[in-house]
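The values are calculated or read from the model by the stated rules, or taken from the named source; none is laboratory data. Just so it is clear, the model here is predicted, and its values are computed rather than measured. Glycine also receives a Cβ, built like all others from the backbone with ideal geometry; neighbour counts cover every protein chain displayed. These accessible areas exclude ligands, DNA and RNA; they are computed on the full protein's heavy atoms, side chains included. Shrake-Rupley method; radii C 1.70, N 1.55, O 1.52, S 1.80 Å.
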Amino acid sequence: MKTTELPRWASGFVLPVLNLLSALLVAALVIHLLGESPVESLQILVNSAVINPEGLSYTLFYASTFVFTGLAVSIAMKAGLFNIGAEGQMYLGGLGLTLAMLAFDASLSAWLLIPLAIVASAVFGAGWAFLPGYLQAKRGSHVVVTTIMFNFIAAGLMNFIIVKYMIPEGDQNPASRVFSDAAMIPQLSTWLPFFGENTPLNLAFILALIALVVYWVAVSRSSWGYKLQATGLNAHAAHYAGVRISRTIIVAMLISGALAGLAAVNSILGSTHYLSLNFPAGAGFIGIAIALMGRQHPVGILLSSVLFGALIQGGFDLSLEKPNIPQETFIFIQGLIILFCGAMENMYGPALLKLINATRSSKG
């Protein structure tokens with residue numbers, strides 16, 4: 001019997017793999033045109049980002065941030081919303097975290113200070129996502145437009161706050177002061193010496209794994225998750241089924257913003273230990289690619305986050321060993337992945353569906 005839709009295993013696994021391979025094939029062609037061997041380059045990248053323990057710790061460190069931004073975009077997508085504003089929400093999450101640190105890092109112990117900072121990052125991120133969610137739910141303003149504009153507003157606002165109020169007197173660096181030692185989130189190398197000393201991988205990675213589990217339970221194993229997905233699939237049908245669409249949209253955006261805000265924990269508490277200009281460094285936009293490539297599934301989000309983390313870590317080392325391959329090449333590769341897993345995600349769908357039907361007919 002012929003099917004008109006791809007099975008879940010095909011749409012959730014085979015299509016993303018084919019799209020990824022297509023992006024890597026184009027990237028290999030570009031590397032060849034730059035005068036380097038794609039096979040040798042891939043070996044260097046994998047060795048630097050995955051096989052080498054210290055490199056793996058950096059890969060997982062970057063992935064920790066991407067898990068949160070990927071989840072932020074994914075939870076909004078489940079409600080039929082395309083939250084482009086994770087970058088700005090992460091930025092404001094960093095502000096909330098920093099304000100908590102600057103106010104209390106000299107008076108509170110780490111056991112109280114770090115949880116307070118984590119909560120502050122989530123609250124500020126959620127607060128920045130509230131207005132776009134409210135405008136979408138109550139006024140019909142498109143969330144894509146409002147969240148894009150809120151990214152620009154966040155950048156301007158943070159530039160003003162950091163430069164005007166946070167730079168220590170006599171300092172030239174556009175950043176807040178360094179937090180006290182009580183604000184240092186524990187490093188995983190303390191318990192896992194396999195990764196080596198002085199690597200940035202920290203407890204934020206564990207928080208990211210917990211967030212993935214909570215996301216899976218909330219979306220797939222709760223009545224709220226059913227309402228969320230019903231709203232995303234067909235808002236009119238969900239409304240007639242008794243789902244309060246406006247509330248669902250606003251709550252989804254609040255959670256999305258909170259998750260994006262939590263991404264600041266890894267970047268600031270786990271690495272720099274101060275707030276600097278443009279610290280998100282595009283992590284919010286990478287979250288869009290991760291949500292698309294991971295099909296909004298927790299396992300897919302984790303694997304996609306590790307992949308992008310490996311591209312950043314391996315790409316840095318590869319550009320050092322192969323000067324002909326500039327580091328910007330890997331921004332191009334990220335763009336290719338977004339292109340194939342986003343705009344062209346169903347390119348192989350018809351052919352794959354035809355192949356599945358042909359296989360079933362031959363067996364029948």
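Quick check, is Y91 touching a helix residue (DSSP H, G or I) at 6+ places or on another chain (Cβ under 9 Å), among the hydroxyl-bearing types (S, T, Y) and more than 24 Å from F179 (Cα to Cα)? Spell out the reasoning first.
Numbers: touching a helix residue (DSSP H, G or I) at 6+ places or on another chain (Cβ under 9 Å): yes; among the hydroxyl-bearing types (S, T, Y): yes; more than 24 Å from F179 (Cα to Cα): no.
In short, no.
Restricting attention to segment 75-91, report how many residues are farther than 20 Å from A155 by Cα and in contact with a Leu (Cβ under 9 Å, 6 or more places away or on another chain).
5
Checking L25 against (1) within 25 Å of M347 (Cα to Cα); (2) surrounded by fewer than 18 Cβ atoms within 10 Å (Cβ to Cβ); (3) out of contact with any helix residue (DSSP H, G or I) (no Cβ under 6 Å at 6 or more places or on another chain); (4) in contact (Cβ under 8 Å) with a residue 40 or more places away in the chain, which single condition isn't satisfied?
That leaves (4) as the condition not met.
Tell me, which residue of segment 170-197 that is among the hydrophobic types (A, V, I, L, M, F, W, C) and modelled with pLDDT of 85 or more is surrounded by the fewest Cβ atoms within 10 Å (Cβ to Cβ)? Walk me through it before giving the result.
Kept after step one, since they are among the hydrophobic types (A, V, I, L, M, F, W, C), are these residues of segment 170-197: 175, 178-179, 182-185, 188, 191-192, 194-195.
After this cut, where a residue has to be modelled with pLDDT of 85 or more as well, the list is 175, 178-179, 182-185, 188.
On the way: A175: 19, V178: 13, F179: 23, A182: 17, A183: 24, M184: 16, I185: 19, L188: 21.
Residue satisfying both the conditions and the ranking: V178.
The rows are residues; the columns are (1) in contact (Cβ under 8 Å) with a residue 24 or more places away in the chain; (2) out of contact with any strand residue (DSSP E or B) (no Cβ under 7 Å at 6 or more places or on another chain).
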position	(1), (2)
N173	yes, yes
S176	yes, yes
I185	yes, no
L192	no, yes
N198	no, yes
A208	yes, yes
L228	yes, yes
A237	no, yes
I245	yes, yes
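What number of residues in segment 198-251 are under 18 Å from the mean Cα position of the chain (by Cα) and either hydrophobic (A, V, I, L, M, F, W, C) or surrounded by fewer than 20 Cβ atoms within 10 Å (Cβ to Cβ) (or both)?
Residues flagged as under 18 Å from the mean Cα position of the chain (by Cα) and either hydrophobic (A, V, I, L, M, F, W, C) or surrounded by fewer than 20 Cβ atoms within 10 Å (Cβ to Cβ) (or both) within segment 198-251 amount to 15.
Counting only residues that are under 23 Å from I114 (Cβ atoms), open to solvent by 10 Å² or more (accessible area, probe 1.4 Å) and part of a helix (DSSP H, G or I), how many does segment 265-311 have?
Looking only at that region, the number is 3.
Enumerate the pairs (first residue in segment 293-321 and on the phi > 0 side of the Ramachandran plot; second residue anywhere and open to solvent by 20 Å² or more (accessible area, probe 1.4 Å)) with beta-carbon separation below 8 Å, excluding pairs fewer than 6 apart on the same chain, so at least 6 apart or on different chains.
Pairs that qualify, where the first residue is on the phi > 0 side of the Ramachandran plot and the partner is open to solvent by 20 Å² or more (accessible area, probe 1.4 Å), are R295/S11; R295/G12; Q296/M77; Q296/K78.
Quick grid of which residues meet (1) aromatic (F, W, Y); (2) under 22 Å from the mean Cα position of the chain (by Cα); (3) surrounded by 23 or more Cβ atoms within 10 Å (Cβ to Cβ):
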site: L18; (1), (2), (3): no, yes, no
site: S41; (1), (2), (3): no, no, yes
site: F66; (1), (2), (3): yes, yes, yes
site: L102; (1), (2), (3): no, no, no
site: A106; (1), (2), (3): no, no, no
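Looking at I167, is it surrounded by fewer than 17 Cβ atoms within 10 Å (Cβ to Cβ), of a type in the set (A, V, I, L, M) and over 30 Å from A252 (Cβ atoms)? Step through it out loud before you land on a result.
Details: surrounded by fewer than 17 Cβ atoms within 10 Å (Cβ to Cβ): yes; of a type in the set (A, V, I, L, M): yes; over 30 Å from A252 (Cβ atoms): yes.
Judged against the criteria, I167 is a match.
Quickly run through segment 312-339 and pick out the residues that are closer than 26 Å to W9 by Cα and open to solvent by 20 Å² or more (accessible area, probe 1.4 Å).
Residues of segment 312-339 closer than 26 Å to W9 by Cα: 333-339.
Scanning segment 312-339 gives Q334, G335, I338, L339.
Name the residues in segment 319-338 that are within 13 Å of N19 (Cβ to Cβ) and modelled with pLDDT under 80, would you?
Scanning segment 319-338 gives a single hit, I338.
Which residue out of S22, S11, S74, S64 is under 30 Å from I249 (Cβ atoms), part of a helix (DSSP H, G or I) and at pLDDT below 90?
Working: S22 fails: under 30 Å from I249 (Cβ atoms); S74 fails: at pLDDT below 90; S64 fails: at pLDDT below 90.
Just a single option satisfies the conditions, and that option is S11.
Scan segment 43-52 for residues that are open to solvent by less than 80 Å² (accessible area, probe 1.4 Å) and closer than 19 Å to A23 by Cβ and jot them down.
I44, L45, V46, A49, V50 - these are the residues of segment 43-52 that are open to solvent by less than 80 Å² (accessible area, probe 1.4 Å) and closer than 19 Å to A23 by Cβ.
Is there a residue being part of a helix (DSSP H, G or I), more than 30 Å from V214 (Cα to Cα) and touching a Pro at 6+ places or on another chain (Cβ under 9 Å) anywhere in segment 316-338?
Quick first cut of segment 316-338, residues part of a helix (DSSP H, G or I) only: 316-321, 328-338.
Now drop any that are not more than 30 Å from V214 (Cα to Cα), which leaves 316-321, 328-333, 336.
Now narrow it down to the ones that are touching a Pro at 6+ places or on another chain (Cβ under 9 Å): 319.
Yes, segment 316-338 contains a residue that is part of a helix (DSSP H, G or I), more than 30 Å from V214 (Cα to Cα) and touching a Pro at 6+ places or on another chain (Cβ under 9 Å).
Which of the residues belonging to segment 143-162 are open to solvent by less than 80 Å² (accessible area, probe 1.4 Å) and either without any contact (Cβ under 8 Å) to a residue 24 or more places away in the chain or not polar (S, T, N, Q) (or both)? Before you say what the answer is, go through the steps one by one.
Filtering segment 143-162 down to residues open to solvent by less than 80 Å² (accessible area, probe 1.4 Å) leaves 143-144, 146-148, 150-151, 154-159, 161-162.
Residues satisfying the conditions are V143, V144, I148, F150, A154, A155, G156, L157, M158, I161, I162.
If I ask for residues that are among the hydroxyl-bearing types (S, T, Y) and surrounded by fewer than 16 Cβ atoms within 10 Å (Cβ to Cβ), which ones from segment 108-140 would you list?
Of the residues in segment 108-140, the ones among the hydroxyl-bearing types (S, T, Y) are 109, 121, 134.
Answer for segment 108-140, where residues must be among the hydroxyl-bearing types (S, T, Y) and surrounded by fewer than 16 Cβ atoms within 10 Å (Cβ to Cβ): just S109.
Would you mention how many residues in segment 118-127 are under 24 Å from G156 (Cβ atoms) and more than 17 Å from the chain's Cα centre (by Cα)?
Here is the first cut: in segment 118-127, the ones under 24 Å from G156 (Cβ atoms) are 120-127.
This time we only want the ones that are more than 17 Å from the chain's Cα centre (by Cα), so: 120, 123-124, 127.
Residues flagged as under 24 Å from G156 (Cβ atoms) and more than 17 Å from the chain's Cα centre (by Cα) within segment 118-127 amount to 4.
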